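Below: the structure, in structure tokens.
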Amino acid sequence: MFHATTILAYKGKDKSVIGGDGQVSFGNTILKGNAVKIRKIKDGKVLAGFAGSTADAFNLFDMFEKHLESTKGDLLKAVIEFSKEWRKDKYLRKLEAMMLVLNREKIFLLSGTGDVIEPEDGKIAAIGSGGNYALSAARALDKLADIDAEILVKESLMIAGEICIYTNTNIKTYVIEDEK
């Protein structure tokens with residue numbers, strides 16, 4: 001298990017949200033506290049987040065974005081093609097990294113071994129060192145309260161940041177809202 005950040009994605013009733021903390025760790029040292037590890041892609045119609053080596057994140061984001069463009073924004077096709085390329089590339093296969101990608105219809109976890117995983121509930125996924133903490137908090141908030149999707153993501157990540165030493169409480173979120 002690698003020690004990285006925390007990224008949480010949530011597909012709510014009227015919006016999809018991705019959020020991440022800002023901590024960059026190197027071993028047991030915090031190098032930076034305000035990094036942004038999430039992106040809006042495909043004209044803001046797709047959100048993506050990364051946990052793992054920061055240096056590799058940019059290459060993986062670019063690679064995924066190319067697949068998204070070549071599939072004309074079809075997220076399912078893009079994640080499958082991306083996964084195939086990730087799995088075939090000898091260098092990329094060795095990365096200890098994961099990505100979350102989502103739009104208003106789907107949410108996927110992309111593992112460093114080339115797996116494409118759609119969450120069982122179809123609406124909440126988390127990655128990184130504090131991922132299980134954020135996921136647990138998000139599931140509880142989702143079940144217990146009729147809460148705004150962005151607030152759910154922020155609060156869940158705050159909880160993870162209070163528990164996981166590789167996660168901080170400097171939270172950044174991006175949102176895709178339903179067109180009205």
**Report entry** Added length on full extension, which subtracts the Cα-Cα distance from 0.36 nm per residue, ASP62 to LYS88
**Finding:** 7.7 nm
Query raised in the report: What per residue convex hull volume, in Å³, do the alpha-carbon atoms of segment 99-180 yield?
Result: 105 Å³
Query raised in the report: Which is the longest run of the chain containing none of the GluC sites (Glu not before Pro) found in DSSP loop states (not H, G, I, E, B) with at most 11 other C-beta atoms within 10 Å?
Result: 1-104
Query - For a label point 7 Å along the Cα-to-beta-carbon line of ILE30, residues of segment 143-180 with backbone N under 15 Å - result: 158-172
Query raised in the report: Size of the dipole of the chain about the Cα centre, Lys and Arg at +1 and Asp and Glu at -1 on the beta carbon, nothing else charged, in debye to 20?
Result: 400 debye
Report task. Determine ³J(HN,Hα), in whole Hz, for all residues of segment 115-124 in sequence, where each value follows from phi through the Karplus function 6.51 cos²θ - 1.76 cosθ + 1.60 and θ = phi - 60°; x replaces Gly and Pro. Result -> 7, 10, 10, 9, x, 4, 7, x, 9, 9
Query raised in the report: Between ALA4, GLY49, GLY112, whose Cα lies farthest towards the positive end of the dipole of segment 1-153 when Lys and Arg beta carbons carry +1 and Asp and Glu beta carbons carry -1, centred on the Cα centre?
Result: GLY112
Query raised in the report: Where the Cα atoms of the chain are projected onto their three principal axes, how long is each span, largest first, in whole Å?
Result: 46, 40, 26
Report task. Determine ³J(HN,Hα), in whole Hz, for all residues of segment 33-44 in sequence, where each value follows from phi through the Karplus function 6.51 cos²θ - 1.76 cosθ + 1.60 and θ = phi - 60°; x replaces Gly and Pro. Result -> x, 10, 6, 10, 10, 10, 9, 9, 10, 6, 6, x
**Report entry** Stretchable slack from GLU69 to GLU179, in nm (0.36 nm times residue separation minus alpha-carbon distance)
**Finding:** 37.4 nm
Report task. Pick out which of LEU102, LEU135, LEU144 has the largest mean-square fluctuation in a Gaussian network model of the chain, springs linking Cα atoms closer than 10 Å. Result -> LEU144
Query raised in the report: From the backbone phi of segment 69-75, what are the Karplus-calculated ³J(HN,Hα) couplings (6.51 cos²θ - 1.76 cosθ + 1.60, θ = phi - 60°) in whole Hz, Gly and Pro given as x?
Result: 5, 5, 9, 6, x, 6, 4
Query - Helix-only CD estimate at 222 nm, as mean residue ellipticity for the chain, using -39500 (n - 2.57) per DSSP H run (n ≥ 4) - result: -11000 deg cm²/dmol
Query - VAL101, VAL17, VAL36 arranged by Cβ crowding within 10 Å, fewest neighbours leading - result: VAL36, VAL17, VAL101
**Report entry** Label-point separation, LYS143 to THR169 (7 Å along Cα→Cβ), nm
**Finding:** 2.5 nm
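Each reported figure results from applying straightforward, stated rules to the coordinates on display, with no laboratory input. What you see is a predicted model; the values in this text were computed from it and never measured. A quick note on method: Cβ atoms are made from the backbone with ideal geometry, for glycine too, and the neighbour counts reach across all protein chains shown.
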